[in-house]
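Please treat every number below as a calculation from the coordinates, not as lab data. It should be emphasised that the depicted structure is a prediction, and the values quoted were computed from it without experimental measurement. Cβ coordinates were reconstructed from backbone atoms using ideal geometry, including for glycine residues, and neighbour counts include every protein chain displayed.
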Amino acid sequence: MSQFFQIHPENPQARLVREAADIIRGGGVVVYPTDSAYALGCHIGDKNALEKIRRIRKLDAKHNFTLVCRDLSEIATYAKVDNTAYRLLKHSTPGPYTFILRATSEVPKRLMQAKRKTVGLRVPENNITQAILADLGEPMMSVTLIMPGEEYPLIDPYDIRQVLEHDVDLVIDGGYCGMEATTVIDLADETPLVLRAGKGDTAPFEN
């Protein structure tokens, strides 16, 4: 049976943020709000939690997880960022974007795209997520909360609790946060490439 926290979207309660971070550190899977949709998250080094998310979403081993980071400096720990990419990242973070970048050795191998050695990273503009990441002191592994066979993410925390109360350890009600996917930008090579147009404006990445 999952726990259910109602966390204020503008002024997250410190006690609940700390408890949420402790659940993640302890190997739990959490549903949390972002600036584009609700997502599933877990500790960066927890293989069992990762497999639990795979089972919930019915994902195969090839599906790429995203590292959700607090800021640009955290991105630089996990990805190789040249000057051009840095300027684009600085302009677009925090925001509803996922960036594909060359991974550093800090990234667990199971999170890398095998052939290109890339990883997806994102810095969401959401006070609850930012507070949890600050308490954790490291990124979360994450995927959008889209159930198998569905086209769009779940958006109502009470519906989410009903569907997943026996599969996740915590559902965070952070209010309505939309259902539009992030814009995905590949910055692994010299020329930025828009892989998916979503909530984030693609104009800065188009020639």
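Convert each backbone phi in region 12-24 into a coupling constant with the Karplus relation 6.51 cos²θ - 1.76 cosθ + 1.60 (shift: θ = phi - 60°), then list the ³J(HN,Hα) values in order as whole Hz, x for Gly and Pro.
x, 5, 4, 5, 5, 4, 5, 5, 4, 5, 5, 5, 5
Calculated FRET efficiency, residue 25 and residue 104, Cβ-Cβ r, R0 22 Å, to nearest 0.05?
0.45
For the chain, with a Gaussian network of springs between Cα atoms less than 10 Å apart, report the residue from 170, 16, 121 with the top mean-square fluctuation.
16
So which lysines can residue 115 reach, going by Cα to Cα under 17 Å and dropping same-chain residues fewer than 8 places off?
In chain and number order, the partners are 62, 80.
Near the amide H of residue 29, under 5 Å away, which other amide H atoms are found, from residues 5 or more places off or on another chain, if H is placed in the peptide plane?
For residue 29, the qualifying residues are 169, 170.
Ranked from highest to lowest mean number of other Cβ atoms within 10 Å per residue, what is the order of the peptides 92-99, 103-110, 174-181?
The peptides rank, most packed first, as 92-99, 174-181, 103-110.
Which of the lysines could be linked to residue 58 by a straight reach, that is with a Cα gap under 20 Å, when you skip same-chain ones fewer than 8 residues away?
47
What share of the DSSP beta bridges in the chain is antiparallel, in percent to the nearest 5?
The antiparallel fraction comes to roughly 65 percent.
At 7 Å along the Cα-to-beta-carbon direction for both residue 190 and residue 206, put a label point, then send me their distance in nm to one decimal.
Rounded to a tenth, the inter-label distance reads 2.3 nm.
Report, in degrees rounded to the nearest 10, the 0 to 90 angle that the Cα long axis of helix 127-136 makes with the longest principal axis of the chain.
Once rounded, the angle reads 90 degrees.
Given points 7 Å out from each Cα along the Cα-Cβ axis, report the residue 72 to residue 4 separation in nanometres with one decimal.
Rounded to a tenth, the inter-label distance reads 4.1 nm.
For every helix of n ≥ 4 consecutive DSSP H residues, a contribution of -39,500 (n - 2.57) applies; sum these over the chain, divide by its total residues, and give [θ] at 222 nm rounded to the nearest 500 deg cm²/dmol.
Only helices count here, giving -8000 deg cm²/dmol.
What does the extension gain come out to for residue 64 and residue 86, with contour length at 0.36 nm per residue minus their alpha carbon separation?
That pair, residue 64 and residue 86, stretches by 5.7 nm at full extension.
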